[in-house]
Amino acid sequence: MFTQSLDFKTTDLDTFPFPFTSGNYRYSNDLKRLSNINCIEVTPEYKLQVETKRRLLQEQPHIRFQSFPHTMEMQWEVLEMLIDMAADRYPEHFEVSKDEDKWTFKNHIFGEIDSFVYGDASTLPYEPLDYIGRHFHNDFVLMVHRDSNFYLEVGQVSYAALFSANWNKGMSFDEIHAPVPFVSRKGDELAERVRKFLLSIEPGKPWTRINWNLMADRWDVNYETMDVWGPQRSEITPENAGKLVRLRVEEQKFYRMPRSNAILFVLNTQFLPLEDLTLRQEWFDLTYSVLQDIPGPMAEYKGIAPFLPQSVEYLRSIDEKKKAKINNK
């Protein structure tokens, strides 16, 4: 039976993509140009996170990875991009040699060497995107551009927030985001606005945005395991929320693939326990303010309604202790 425990937390706060800039949060089209177009990152938790991702893929292969047969050429295009980025940014960790279509990829962190023929899937142990995705902690979703919309045709997803590569495979961008019950601050339908923006992305000019959620001691909450994680949310109390509830931040990067014209979503997901927010007082204050102000429909959509009050109560108790300590000086 599939089991899951949250094995890591972000320890390098300087690289943690903290999501809040004010004490009030509402959905907005916060896309911005990506300054560093290389999406490969080796964090202090890299090996532990990749090992856990591989375990999830091994235990639930059909849930964690899905594709259509006609996507093989697109997958090779993604493999090439990620291998080149890895070798370029971290030559001490990753290496690639190319002899025409005979490639050798080395991951020195894991001590792995793989040789394959580029374009020949039979020379790889998995489909191209599934293979290369197992070397990085990110989730990868490839959406094909067709009829002024995007369709999810390849997905390797291990850290989902109410999402599933198995469930969402074949859906359009509009269908995937149909449950979003919100408009932007200007009154625009947010999902439609983002979709139209994605249509304008050009090859070589990727964009990024930040998404956030709270997780009750979970890597992910996908549809297939709702019977497990649903009841677990009721186990959160103001006393254990500091350790069990984690601020889940998803740094989303969007690349227009030059040959296939598809959009590659690269999702860098990091976790920070609520108790670690005290390491950055500004983060604590902003998070406390934001969580107190979350509208009910937003809390329900994000799936945090069952344990949001307990999380706020935990933060309130920490805040009161801090103020009492200051007043007693």
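The values are calculated or read from the model by the stated rules, or taken from the named source; none is laboratory data. Keep in mind it's a predicted model, so treat the numbers as computed, not measured. Counting neighbours? That spans all protein chains shown, and the Cβs are built from the backbone with ideal geometry, glycine included. Just so you know, the surface numbers come from the protein's heavy atoms only, side chains and all, with ligands and any DNA or RNA stripped out. Shrake-Rupley method; radii C 1.70, N 1.55, O 1.52, S 1.80 Å.
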If you average the sequence gap of Cα pairs under 8 Å that are 6 or more apart and divide by the length of the chain, what percent do you get for the contact order?
-> 22
Please list the non-local residues whose amide H lies under 5 Å from the amide H of VAL154, H modeled 1.01 Å from N, same-chain partners needing a gap of 5 or more.
-> LEU142
Share of accessible surface on carbon and sulfur in the chain, whole %, 1.4 Å probe and ligands ignored, is 50
Which of VAL144, VAL117, VAL157 moves most in a GNM of the chain, Cα contacts under 10 Å?
-> VAL117
Full-stretch length increase - ASN149, ILE326 - with 0.36 nm per residue and alpha-carbon distance subtracted = 58.2 nm
Computed for the chain: size of charge dipole around the Cα centre, +1 on C-beta of each Lys and Arg, -1 on C-beta of each Asp and Glu, debye to nearest 20, value 1140
Additional length obtainable on full extension of the chain from ARG55 to ASP293, 0.36 nm per residue less Cα span | 82.0 nm
Nearest 10 degrees, 0 to 90: helix 72-89 Cα axis against the chain principal axis = 70
Would you indicate which of [x] 1.04; [y] 1.16; [z] 0.98 is the value of Rg/Rh (Cα atoms, Kirkwood Rh) derived from the coordinates of this structure?
-> [z]
Burial ranking of peptide ranges 71-78, 291-298 (average Cβ count within 10 Å, highest at the top) = 71-78, 291-298
Nearest 10 degrees, 0 to 90: helix 190-199 Cα axis against the chain principal axis | 30
Which of PHE173, TYR314, GLY230 sits farthest toward the positive end of the charge dipole of the chain, with +1 on the Cβ of Lys and Arg and -1 on the Cβ of Asp and Glu?
-> TYR314
Local electrostatic count at GLY23 - Lys and Arg +1, Asp and Glu -1, tallied over other residues with Cβ under 14 Å = -3
Report the FRET efficiency, 1/(1 + (r/R0)^6), for ASN36 and LYS9, where r is their Cβ-Cβ distance and R0 is 25 Å, rounded to 0.05.
-> 0.55
Computed over the stretch 150-294, protein heavy atoms only, probe 1.4 angstrom, the accessible area per residue in square angstrom equals 39
In degrees between 0 and 90, to the nearest 10, how far off the longest principal axis of the chain does helix 281-292 point, with axes built from Cα atoms?
-> 80
When only Cα pairs under 8 Å and 6 or more residues apart are kept, what is the percent relative contact order across the stretch 193-308?
-> 28
Cα pair distances of the stretch 68-198 binned at 5 Å [whole percent] | 2, 9, 17, 18, 17, 12, 10, 8, 4, 2, 1
